[in-house]
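Data block below; observations after.
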Amino acid sequence: MACNQGVGTGILGNLAGCTLVYGHTGAPALFKWLPGPESALVAGRLFYMLSWFSLGACVLLFAMAWLDDGRLARQSGYLALGLVAGSALLELVWVFPLMKTMRADMALLAGDALAAKRASFGTLHAVSTVLYAIKMIAVLYFGLVRYRVKAV
């Protein structure tokens, strides 16, 4: 199924590229050149769209791998792909909605209540960063395992 492998490689390349480039270049550039509130809104929206793309790409990669060789459960790379899908789903269902709620709450608060809410937001941001790191590492690991890239 050479066609599926080419399509899978394209999907994987886009997923890995988007995840790495945006996480390490795009988001920091936004925060450097846009004012704080605007950069946070743009970055949040882009991370949200990237999570949907990650989830869709994982479904397609799972399906193509299953059609190619049917050995989905026996290969460790698919556990990594499951981690990508799981972290994207966790971001979409829990992290992003909670961040949106916290941002709306912070607009109405002042003083100590605002400081406490910002601390909670910072903790949630750290959780989001860890999920994103898991996603990046798992995408790269899946690509190495699935397409049998050997060390030189």
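Every number in this text was worked out from the coordinates using simple rules, so none of it is lab data. What you are looking at is a predicted structure, and each value in this text was computed from that prediction instead of being measured. Reconstructed Cβ throughout: ideal geometry from the backbone, glycine too, with neighbour counts over all protein chains shown.
Helix-only mean residue ellipticity at 222 nm, the chain, DSSP H runs n ≥ 4 weighted -39,500 (n - 2.57), per residue, nearest 500. What is it?
One gets -28500 deg cm²/dmol as the mean residue ellipticity at 222 nm.
Output the 0 to 90 degree angle, nearest 10, between the alpha-carbon long axis of helix 2-21 and the longest principal axis computed from the alpha carbons of the chain.
Value to nearest ten degrees: 20.
I'm spelling it out carefully: the read-out is percent of Cα pairs over 26 Å apart, the candidates are [x] 26; [y] 55; [z] 34, and one was derived from this structure. Which label?
Identified label for the calculated read-out: [z].
So if I take the centroid of the Cα atoms in region 7-85 and the same for region 101-152, what is the distance between those two points in Å?
The distance from the Cα centre of region 7-85 to that of region 101-152 comes to 13 Å.
From the backbone phi of region 86-93, what are the Karplus-calculated ³J(HN,Hα) couplings (6.51 cos²θ - 1.76 cosθ + 1.60, θ = phi - 60°) in whole Hz, Gly and Pro given as x?
These are the phi-based 3J(HN,Hα) values: x, 5, 5, 5, 4, 4, 5, 8 Hz.
Going highest first, how would you order 133-143, 21-31 by mean Cβ packing within 10 Å?
The most tightly packed comes first, giving 133-143, 21-31.
Determine ³J(HN,Hα), in whole Hz, for all residues of region 126-137 in sequence, where each value follows from phi through the Karplus function 6.51 cos²θ - 1.76 cosθ + 1.60 and θ = phi - 60°; x replaces Gly and Pro.
Once θ is set to phi - 60°, the couplings for region 126-137 become 5, 4, 4, 5, 5, 4, 5, 5, 4, 4, 4, 5 Hz.
Mind listing the phi-derived Karplus ³J(HN,Hα) values for region 36-52, rounded to whole Hz, using 6.51, -1.76 and 1.60 with θ = phi - 60°, and x for any glycine or proline?
Along region 36-52, the couplings run x, x, 5, 5, 5, 5, 5, 4, x, 5, 5, 5, 4, 5, 5, 5, 5 Hz.
Once you have the Cα-Cα distance between Ala119 and Leu140, take 0.36 nm times their residue separation minus that, and quote the gain in nm to one decimal.
Full-extension gain reported as 4.4 nm.
Hey, can you rank 103-110, 56-63, 122-129 by average C-beta count inside 10 Å, highest first?
By packing density, highest mean first, the sequence is 56-63, 122-129, 103-110.
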